[in-house]
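Single-structure report; data block below.
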Amino acid sequence: MILHQFYLNCLAHASYLIGDETSATAAVVDPQRDVDQYLSFAAERGLTIRHVILTHFHADFIAGHLELNEQTGATIHLGRSATAEYPFEPFGDGDSIEFGGVRLAALETPGHTPESISILVFDRAVSDSVPHAVLTGDTLFVGDVGRPDLRAALGWSANDLGSLLYDSLHSKLLKLPDSSLVYPAHGAGSLCGKALSKETVSTIGEQRKTNYALQPLSKDAFIELVTADQPDAPSYFTYDAVLNSRKRQTLTEALTWELRPLLLDDCLELQRHRVQLLDTREAAEFAAAHLKGAINIGLGGQYATWAGSLLDRERPIVVIADPGAERQAAMRLGRIGFDHVIGYLDGGMASAAGRAEVVAETLRVSPERAAEQITSNEALKVIDIRAAGERATKSIANSTHIPLQRLVEDTRGMPRETPMLVHCAGGYRSSIAASLLQREGFTNVTELAGGLAAWEAGGLPVIKVAG
């Protein structure tokens, strides 16, 4: 038996291929939308992908089930409670898929979503009754459990799903042998929970002992615990969850017409018609020169998550990238179902050479210079755009907390000439923030280069919370 984990760091997403060499058959669980790695892995081992399983309709990415179905003819399997626009085989309690020495058995484990399932993996050469592993989707993570509050827009209350989650954990997953390996669909950095570990595999026994949400609790106490202090869910989560249930174009079809080179003047004309300019270069390059009104979300960070959180799904996108990176930029947007890219700036920012009237810059200052500005300018507004949990541990004195996803809304009433110094933890998000503020017409925006990490490294003071 082959059980291989594929991990996508930028979305903190784990997917799996389970293969049997004797029958030359494989199944893929929770694939990302760009599926070449699964096809290559299977081909190298002489396997044919005949099954693709979704543990639930994911909210943070578009799964590659339709892509694998188109390219391999693999049967799609969904939880028995799922409803979808495409053909699929229901997969629930008592159902199994067998090929060679492998058996995959379904457990219905609703709670994170109503259709959630977990998948027991049996290596029949070892045991046909003791599962080697369980693929838990977003029901059970390493160190956490799935949040039950992401289906409110679809009519499910957090309390109702939290009750189902408690039952799924205690009546099904915690009944498994301590030795069973736990393979979840996400790790640290995912917004599908609040305390996910950096580890991407554990055991039922280890989670029974160490996972805060699996300790002895009444159902009411469990629901209160797992619904408290959850991070803000990005606005695209419901969109992606619904899209995963729909018949849609494949990623290859989308990229075929998205990757069109556009002249600079064409991009500027499209911008005048409410097209969004998305600059995907790193922060220092963007700060030095960018097209006026462009939003900077760099490919080097959590690009897709922030693009999904901050870009308008109803407005087309033109990509500005370093030459050669345009396909990556569009493809990673496609991973979250943002298929409304209409082209890219041909030649990148080099095409704007000599066009100073359409180019802007962002002032980035060192921590020492920022400290001088704070001391000398009482009108300067220091804006901390980190998440609430980050802010709670340490901050710059007299700074104002406005999380990045609320920045545009919460600054709407401020005078556009307000002097602002924006910072995050390391500089990635502050570049996004500065670009948003400039797009909104703020004329006196400065970015703290290197963020709070550089500030502390320079020996400058922070307010720390004990413990």
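Residues that are among the small types (Gly, Ala, Ser) and touching a residue at least 24 places away in the same chain (Cβ under 8 Å) within region 351-375 comprise 351, 352, 360, 366, 370, 371, listed in sequence order. In the condition set (1) part of a loop (DSSP other than H, G, I, E, B); (2) buried (at least 16 other Cβ atoms within 10 Å of the Cβ); (3) not basic (Lys, Arg), residue 407 is compliant with all but (1). In summary, residue 196 fulfils each of the numbered conditions (1) under 21 Å from residue 9 (Cβ atoms); (2) surrounded by fewer than 19 Cβ atoms within 10 Å (Cβ to Cβ); (3) in contact with a Gly (Cβ under 6 Å, 6 or more places away or on another chain) with the single exception of condition (2).
Look at (1) open to solvent by 40 Å² or more (accessible area, probe 1.4 Å); (2) not in a helix (DSSP H, G or I) and you find that residue 374 fails only one, number (2). Taken over region 24-38, the criterion of being buried (at least 20 other Cβ atoms within 10 Å of the Cβ) and charged (D, E, K, R) is satisfied by 30, 33. Hey, could you check region 227-261 for residues that are of a type in the set (Val, Ile, Thr) and over 19 Å from residue 115 (Cβ atoms) and say which is surrounded by the fewest Cβ atoms within 10 Å (Cβ to Cβ)? Among those residues, the one meeting the criterion is 256. Might you check whether a residue that is closer than 23 Å to residue 290 by Cβ, out of contact with any Pro (no Cβ under 6 Å at 6 or more places or on another chain) and not in a loop (DSSP other than H, G, I, E, B) occurs anywhere in region 383-397? Within region 383-397, one or more residues are closer than 23 Å to residue 290 by Cβ, out of contact with any Pro (no Cβ under 6 Å at 6 or more places or on another chain) and not in a loop (DSSP other than H, G, I, E, B).
Residues considered: 123, 149, 128, 95. Of these, the only one that is at pLDDT 95 or above and open to solvent by 40 Å² or more (accessible area, probe 1.4 Å) is 95. Just wondering, is there one or more residues in region 21-29 that are charged (D, E, K, R), touching a Phe, Trp or Tyr at 6+ places or on another chain (Cβ under 8 Å) and in contact (Cβ under 8 Å) with a residue 40 or more places away in the chain? No, region 21-29 has no match at all. Do we find that residue 318 is touching a Lys or Arg at 6+ places or on another chain (Cβ under 7 Å) and modelled with pLDDT of 95 or more in this structure? No. Looking across region 205-226 at every residue that is open to solvent by less than 50 Å² (accessible area, probe 1.4 Å) and of a type in the set (A, V, I, L, M, F, W, C), the one that is nearest to residue 386 (Cα to Cα) is identified as 226. Taken over region 247-276, the criterion of being under 20 Å from residue 334 (Cα atoms) and without any contact (Cβ under 8 Å) to a residue 60 or more places away in the chain is satisfied by 253, 256, 257, 276.
Residues of region 428-441 include at least one that is touching a residue at least 60 places away in the same chain (Cβ under 8 Å) and more than 23 Å from the chain's Cα centre (by Cα). Restricting attention to region 349-358, does a residue exist that is within 27 Å of the chain's Cα centre (by Cα) and crowded, with 20+ Cβ neighbours inside 10 Å? No, region 349-358 contains no residue that is within 27 Å of the chain's Cα centre (by Cα) and crowded, with 20+ Cβ neighbours inside 10 Å.
Among the residues of region 105-120, is there at least one that is over 23 Å from residue 63 (Cα atoms), touching a Leu at 6+ places or on another chain (Cβ under 7 Å), surrounded by 14 or more Cβ atoms within 10 Å (Cβ to Cβ) and modelled with pLDDT of 95 or more? Taking every residue of region 105-120 in turn, none turns out to be over 23 Å from residue 63 (Cα atoms), touching a Leu at 6+ places or on another chain (Cβ under 7 Å), surrounded by 14 or more Cβ atoms within 10 Å (Cβ to Cβ) and modelled with pLDDT of 95 or more.
Residues are listed down the side, and each one gets a yes or a no for (1) of a type outside the set (Gly, Ala, Ser); (2) part of a strand (DSSP E or B); (3) surrounded by 21 or more Cβ atoms within 10 Å (Cβ to Cβ):
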| residue | (1), (2), (3) |
| --- | --- |
| 4 | yes, yes, no |
| 14 | no, yes, yes |
| 18 | yes, yes, yes |
| 22 | yes, no, no |
| 40 | no, no, no |
| 50 | yes, yes, no |
| 56 | yes, no, yes |
| 70 | yes, no, no |
| 77 | yes, yes, yes |
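Among the residues of region 207-216, those identified as without any contact (Cβ under 8 Å) to a residue 12 or more places away in the chain and of a type outside the set (S, T, N, Q) are 209, 216.
The values are calculated or read from the model by the stated rules, or taken from the named source; none is laboratory data. The structure displayed is predicted, hence computed values, not measured ones. Backbone-built Cβ (ideal geometry, glycine too); neighbour counts: all protein chains shown. Heads up: the accessible areas ignore ligands, DNA and RNA and are worked out on the full protein's heavy atoms, side chains in. Shrake-Rupley method; radii C 1.70, N 1.55, O 1.52, S 1.80 Å.
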